[in-house]
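Worksheet: one structure, shown below.
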Protein chains: 2
Amino acid sequence: MLYEISEKAIQLENQGKEMIKFNLGDPDLPTPPEIVEAAYEAMKQGKTKYSSAAGEKKLREELARIHGVSVDNVVVTTGSKWAIFSLLFLLLKRGENVVVPSPHWTSYELAAKKIGAEIRFLRRDLESDWKVDAEKLEALIDDKTRLIILNSPNNPTSKVIDDKTFSEIVQIAKSKGVTVLSDEVYSDISFVKAKSILDFGADNILVTGFSKSFLMTGWRIGYVVVEKELATRMIKLNQITTTCVPAFIQYGALKGLESRKKIADDIRRQFKVRADAAYSVLSKSKMRFSRPDAPFYLFPKVDGLDSERFALDLLDKGVAVAPGTAFGDYREYVRIALTVNEEKIREGLEKLCEALP
Amino acid sequence: MLYEISEKAIQLENQGKEMIKFNLGDPDLPTPPEIVEAAYEAMKQGKTKYSSAAGEKKLREELARIHGVSVDNVVVTTGSKWAIFSLLFLLLKRGENVVVPSPHWTSYELAAKKIGAEIRFLRRDLESDWKVDAEKLEALIDDKTRLIILNSPNNPTSKVIDDKTFSEIVQIAKSKGVTVLSDEVYSDISFVKAKSILDFGADNILVTGFSKSFLMTGWRIGYVVVEKELATRMIKLNQITTTCVPAFIQYGALKGLESRKKIADDIRRQFKVRADAAYSVLSKSKMRFSRPDAPFYLFPKVDGLDSERFALDLLDKGVAVAPGTAFGDYREYVRIALTVNEEKIREGLEKLCEALP
């Protein structure tokens, strides 16, 4: 349904209709020019040959320094999505399962199903402010559970898991012999401080990337911090699949790391303005939602809404949103990605509110 | 062993030793500057966002035009290696098998094993000029065979499958209900005309890419021509794994296609000079080999040679080659990639000949 909406929105645009697109997590802001220039310089210097399947040494060293780990723990990947797919592929056998708090990013579910693993969802609700109930999570784990996937800040709710709950989940995982895969792609640009899995030692898996915090979505570069043996297995899988992230892209990312804080601060500031604007419009509507802890999403609810029907009808009004069903069993919700400017956010959300049944 | 040699060669270089590296299929020639400039222009124009998992429309259209197929048959992939892995992943179930004439590119074997499929090798020999014996190939096929992988021109022998044999193999596959996956990455720069799987209709699979024929190894861009239903399955797998090839890379490749013939002619001419130089040095040695039909490799034999031992010892003399065992059961062979200039080819091969036992 996510792809159907996206394609229909593009079709309408091609027919000349002006669309306000809240449907994709791809910010409108351009990649910082210093990253583009560094990538170009690297291309001209011949960084266009096969590169290491582990990632360029300089980039791995810098990431290791940032996270306080060894270079051997860092593997650069063709986007964080490839990292997640390859981890599920390497760690889960057919019939084994992974536990994921829902609502959740669609790709976890599709990847797990594709490799024949079972995915078990822990339902969260707006009414309890999207909190993870650690006791209920524990009850989902059995002897076939290999992984728990956390995503804080979360897509689609933009909520951060509080420190106490995060700690409880890590303890439960440890006691059950289950690994935590923590997808932290929105962490650097979060409005509130988000706990990292690395705060709890080196047994678990950090997956993150440059897409969101360096505005590099289409560049396809992410990385993991994992224990060395698993790093070796991921590198070997890269060797027979994606080979490497183009070296010139890695030099672009390395340049971005030089101004990591400044770039993240800029993104955070701009998206805070947008989140506040969206909040002020939606607060006047009958939609209920939780204030976002991070960019880019709002995940409001309207009791009784059929969000798939609503999202399709809304396209004709020139607004695209993602139905809640794309993120689990959340038919009464829509996901609004604030990836357009403030003026368009106000205009688009007013149209959306008018269209509510 | 291929990676061990490669890493030792790099270690020695880092220690200040001058190495002549014949061990990797990564040509020393730079990516044509018009491709670099086109990629840079695309970056600056904001082609840095998520792109289609099928490939950019303009690139797919141009590839469809070149191959005389529909756009729906073309899928752009993160290198031809990812195309091969994803095809094996989608088409082979655990316990099913794929038939591959050997010697063969290492990745076919590693990918098939990684997904739990069986790989059956058809042995070819230097003594019969590396010909595929179609009858023996047929005998390897059973009711669990899903694919035959052809690679003409071949890595590591640089031999082209003759038209009659190619046609026989396609007929056998058809009669047995088996699909042919034809990896044609060296085809555009071949010294002799190589038959394409597309010459035999649209039932089979073409895999190729920009790495070799546009000197874009590190850019990770390839593509397939497949029937529409399989294209759709590959696109869906891309959506949950690699997402897309960066759009700016695709615009670089599209620029390359404008001077496709000129670029291929240049590469072919330069590598013909290198192949002739190598031929003249090796002809004076006790090595036996077949004259290459295409860049970049020679695959000579020395009776009784332990090529792994030889390759490791040769590193100390400043020359890196790949042992034949990396390409199947070919212990008496070494693969020499002519990816250095003519002068170095002569110097390196003379050192190699001197070191022969």
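Every number here is computed from the coordinates shown, using simple stated rules; none is lab data. No experiment lies behind these values; they were computed from the predicted model shown. When we count neighbours, we look across all protein chains shown, and the Cβ atoms used for this are built from the backbone with ideal geometry, even at glycine.
Looking for one value pair here: nearest-to-axis residue in chain A (by Cβ) for the rotation onto B, and the distance in whole angstrom.
A:Y40, 2
Using Cα centres only, tell me the gap between the stretch A:252-280 and the stretch B:113-184 in whole Å.
Going from one Cα centre to the other spans 53 Å.
Tell me the relative contact order for the stretch B:120-235 as a rounded percent, counting alpha carbon contacts under 8 Å between residues six or more apart.
That works out to 19 percent.
Given the DSSP H assignment, sum -39500 (n - 2.57) over each helix run of at least 4 residues in the protein assembly as shown and divide by its residue total; what's the result at 222 nm in deg cm²/dmol, nearest 500?
One gets -13000 deg cm²/dmol as the mean residue ellipticity at 222 nm.
I'd like the mean, over residues of B:27-35, of how many other protein chain beta carbons sit within 10 Å of each residue's own Cβ.
For peptide B:27-35, the averaged partner shielding equals 2.
Taking amide hydrogens as modeled 1.01 Å from N in the peptide plane, which residues meet the under 5 Å criterion relative to B:I148, leaving out close sequence neighbours?
Long-range HN contacts for B:I148: B:V99, B:T179, B:V180, B:L181.
Quick one: grab the alpha carbon gyration tensor of chain A, order the square roots of its eigenvalues as a ≥ b ≥ c, and give me rounded if a/c is under 1.5, else prolate or oblate depending on whether a/b is larger than b/c.
oblate
What is the calculated FRET efficiency for B:L12 to B:L90, with r their C-beta to C-beta distance and R₀ = 41 Å, to the nearest 0.05?
0.50
Along Cα→Cβ at 7 Å, what distances in nm separate the A:E118 label point from those on the other copies, shortest first?
Label-point distances to the other copies, shortest first: 3.0 nm.
Average partner chain C-beta neighbours within 10 Å, per residue of A:233-243?
6
Classify the stretch A:190-233 from the C-alpha gyration tensor, please: rounded if a/c falls under 1.5, else prolate or oblate depending on whether a/b exceeds b/c.
Since a/c reaches 1.5 but b/c is at least a/b, the shape of the stretch A:190-233 is classed as oblate.
If the chain between A:D265 and A:K286 were fully stretched, how many nm would it gain, using 0.36 nm times the residue separation less the Cα-Cα distance?
4.3 nm
Of all DSSP beta bridges in the protein assembly as shown, what percent run antiparallel (nearest 5)?
40 percent
Under the rule a/c < 1.5 gives rounded, and otherwise a/b versus b/c splits prolate from oblate, where does the stretch A:189-278 land using the Cα gyration tensor?
oblate
Identify the residues of the stretch B:171-199 with backbone N under 20 Å of a label point that sits 7 angstrom from the Cα of B:R65 along the Cα-to-Cβ direction, or state none.
Hits in the stretch B:171-199 for B:R65 at 20 Å: B:188.
For a quick check: with amide H placed at 1.01 Å from N, whose amide H comes under 5 Å from A:E96's, ignoring anything fewer than 5 positions away on the same chain?
Those lying under 5 Å, H to H, from A:E96 are A:E118.
Once you average over the residues of A:81-88, how many Cβ atoms of partner chains fall within 10 Å of each Cβ?
Mean inter-chain Cβ contacts per residue within 10 Å come to 2.
With an 8 Å Cα cut-off and a minimum separation of 6 or more residues, compute the relative contact order for chain B in percent.
Dividing the mean separation by the residue count of chain B yields 26 percent.
Of the beta bridges DSSP finds with both residues in the stretch A:33-259, what % are antiparallel, to the nearest 5?
So the antiparallel bridges amount to about 30 percent of the total.
Structure shown: which of B:K93/B:K301; B:K114/B:K144; A:K114/B:K47; B:K58/B:K261 lie over 25 Å apart, alpha-carbon to alpha-carbon?
Flagged as over cut-off: B:K93/B:K301; A:K114/B:K47.
Scanning chain A for GluC sites (Glu not before Pro) in DSSP loops with at most 16 other Cβ atoms within 10 Å, what's the longest stretch left with none?
So the longest stretch without any such site is A:19-226.
Could you pull the copy-to-copy label distances for A:M1, with points set 7 Å along Cα to Cβ, in nm to one decimal and sorted shortest first?
Listed shortest first, these distances are 5.5 nm.
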